[in-house]
Amino acid sequence: MTSFAELSLAEPIQKALAEEGYVTPTPIQAGSIPHLLNGRDLLGLAQTGTGKTAAFALPILDYLLKNRRPAAPKGVRVLVLAPTRELASQIDDSFAAYARHMKLTHAVIFGGVGQGRQVEAMRRGVDVLVAAPGRLLDLIGQGYIDLSTLEILVLDEADRMLDMGFVRDIRRIMALLPEKRQTLLFSATMPQSINELAHSLLKNPATVQVTPESSTVDRIRQAVMFIDAENKKDATLMLVDNPKVVRAVVFTLMKHEANKVAEFLNKKGITAEAIHGNKSQGARERAMSGFRNGNVKVLVATDIAARGIDVDDVTHVFNYDLPNVPESYVHRIGRTARAGREGWAVSLCDAEQRAWLKDIEKKIGKPIPVVTDHPYHSDTAQASTQRPPVLGGGRGGGGGQRRGGGGRPGGAPSGGSRGGASHGGGQRRGGGGRSGGASRPR
């Protein structure tokens, strides 16, 4: 399939796509959209950054255009569940962009902000509601939202929702939905928990799988630097203080460590912002806006925030801490090399996290090249046989141990290589563009 014109989407949608600069469908779009236009349930397995938002948003908008009717008061025709408020906002922005030439009522709801605007947005009902599970259940419990007339359900980033402990919330929401509906489930990975969830929710689904996990990293140049823990801050400064590093994401395990790293970089003249679950919604949105427009060079994030970072031109990802879950490594480095670009992913590995590196290399199916030609190399960390630290924060989230730390440019370490992120509420009608000028389907 070489063009969106072959997908037979309605003319207003095609016009919006042309204005967005979309020409050729990505594999997840080409594989999913025909099934969804035919009304089938779907299990989509694809990494973030492959264009899956458009894969479900476009056929949904086509359905709404061809089946025009007002939503019931407090009702919802299409519900999209997302794990984080950043991702929910980005999905809502995408619907607005693709629907700019049609009448569409839509709203986005999540916690961390007052509910007044969200309640008002739902008073007359909406065509499309994008929601985080927790706030959705709160408003349902207060009588402000009615899902009994739902026609289409989308679960996006389903594996991350389960990782974040939303499985009970999802089950409670499912119990409120009509039996007759179209259901779509998208996930980056397929653990047993997702397989069971898909089996319970989907009826005779089409399955579309693109880009197996191990190949998502092929365009990303990876490296690992063995470093003592107390040198990590200075090593990070060395890496980001390089003209080749245009826009970078630095990942930490813990929220307070993200704050410390961002503060350290700012003191050294590098504009940086931290983003994690303890930040207010306003602070998170300001950080993401600054990152997108280039005023912020470095975004320091935890894993929970990772999949909400939807920026195409991230040049580098730096793992200040390795993740304790191998799948999270794949998601982290997937922030770079998007939209066909190449990118760098450099990990700092101390003695305590050496065991996690072995798990990651097993997951991606190849060793990560080691860079030793830098002032912070640690033979002790490289040779470590320590057991990994026990984290207190659960899978992929933000518990754990930490330390601190004392520059030279090095956007991509060179030499010595061995071994191989919309406001919470407010119904919007009609179109509306997106901030950040995305150049391809999300």
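The values are calculated or read from the model by the stated rules, or taken from the named source; none is laboratory data. Note that this is a predicted model, so its numbers are computed, not measured. Don't worry about glycine lacking a Cβ; one is built from the backbone with ideal geometry, like all the others, and counts go over all protein chains shown. We work out accessible area using only protein heavy atoms, side chains counted, and drop any ligands, DNA or RNA first. Shrake-Rupley method; radii C 1.70, N 1.55, O 1.52, S 1.80 Å.
Computed quantities for the displayed model
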| item | result |
| --- | --- |
| Restricting the range 242-265 to residues that are touching a strand residue (DSSP E or B) at 6+ places or on another chain (Cβ under 7 Å) and either aliphatic (A, V, I, L, M) or not assigned by the TED database to the domain that holds Asn319 (or both), the residue that is nearest to His276 (Cα to Cα) | Ala258 |
| Some residue of the range 365-378 being assigned by the TED database to the domain that holds Glu230, among the charged types (D, E, K, R), open to solvent by 10 Å² or more (accessible area, probe 1.4 Å) and assigned to a helix (DSSP H, G or I) | no |
| Answer residue from the range 333-347, given it is among the small types (Gly, Ala, Ser) and more than 11 Å from Val224 (Cα to Cα) and is surrounded by the most Cβ atoms within 10 Å (Cβ to Cβ) among those | Gly334 |
| Restricting the range 192-233 to residues that are open to solvent by less than 50 Å² (accessible area, probe 1.4 Å), modelled with pLDDT of 90 or more and among the polar types (S, T, N, Q), the residue that is nearest to the chain's Cα centre (by Cα) | Gln222 |
| Checking Leu17 against (1) within 18 Å of Asn204 (Cα to Cα); (2) out of contact with any Lys or Arg (no Cβ under 9 Å at 6 or more places or on another chain), the condition it does not meet | (1) |
| Filter pass, Ala57 being at negative phi, in a helix (DSSP H, G or I) and crowded, with 23+ Cβ neighbours inside 10 Å | yes |
| Subset tally (residues that are touching an Asp or Glu at 6+ places or on another chain (Cβ under 8 Å) and part of a helix (DSSP H, G or I)) for the range 96-135 | 4 |
| Selection within the range 164-190 - under 21 Å from the mean Cα position of the chain (by Cα) and either open to solvent by less than 50 Å² (accessible area, probe 1.4 Å) or over 26 Å from Gly51 (Cβ atoms) (or both) | Gly165, Phe166, Val167, Asp169, Ile170, Thr183, Leu184, Leu185, Phe186, Ser187, Ala188, Thr189 |
| The range 85-129, subset in contact with a helix residue (DSSP H, G or I) (Cβ under 7 Å, 6 or more places away or on another chain) and hydroxyl-bearing (Ser, Thr, Tyr), residue surrounded by the most Cβ atoms within 10 Å (Cβ to Cβ) | Tyr98 |
| Pairs, first in a loop (DSSP other than H, G, I, E, B) in the range 175-187, second open to solvent by 30 Å² or more (accessible area, probe 1.4 Å) and hydroxyl-bearing (Ser, Thr, Tyr), C-beta under 9 Å, six or more apart | Leu176/Ser148; Leu177/Ser148; Pro178/Ser148; Pro178/Thr149 |
| Enumeration of residues in the range 60-76 that are out of contact with any Gly (no Cβ under 8 Å at 6 or more places or on another chain) and open to solvent by less than 20 Å² (accessible area, probe 1.4 Å) | Ile60, Leu61, Asp62, Leu64 |
| Index of the failed condition, Val246 passing every other in (1) closer than 30 Å to Thr380 by Cβ; (2) open to solvent by 10 Å² or more (accessible area, probe 1.4 Å) | (1) |
| Considering residues of the range 390-414 that are crowded, with 18+ Cβ neighbours inside 10 Å and out of contact with any Lys or Arg (no Cβ under 7 Å at 6 or more places or on another chain) only, the residue modelled with the highest pLDDT | Pro413 |
| Condition broken by Thr53, with the remaining ones in (1) within 16 Å of the chain's Cα centre (by Cα); (2) β-branched (Val, Ile, Thr); (3) modelled with pLDDT of 95 or more satisfied | (3) |
| Flag for Asp350 being more than 24 Å from the chain's Cα centre (by Cα) and open to solvent by less than 10 Å² (accessible area, probe 1.4 Å) | yes |
| Sole residue being of a type in the set (A, V, I, L, M, F, W, C), surrounded by 18 or more Cβ atoms within 10 Å (Cβ to Cβ) and more than 16 Å from the chain's Cα centre (by Cα), chosen from Val298, Val314, Val330 | Val298 |
| Matching residues in the range 15-34 - criterion: being surrounded by 19 or more Cβ atoms within 10 Å (Cβ to Cβ) and either touching a Phe, Trp or Tyr at 6+ places or on another chain (Cβ under 8 Å) or in a helix (DSSP H, G or I) (or both) | Ala16, Leu17, Glu20, Tyr22, Pro25, Ile28, Gln29, Ala30, Gly31, Ser32, Ile33 |
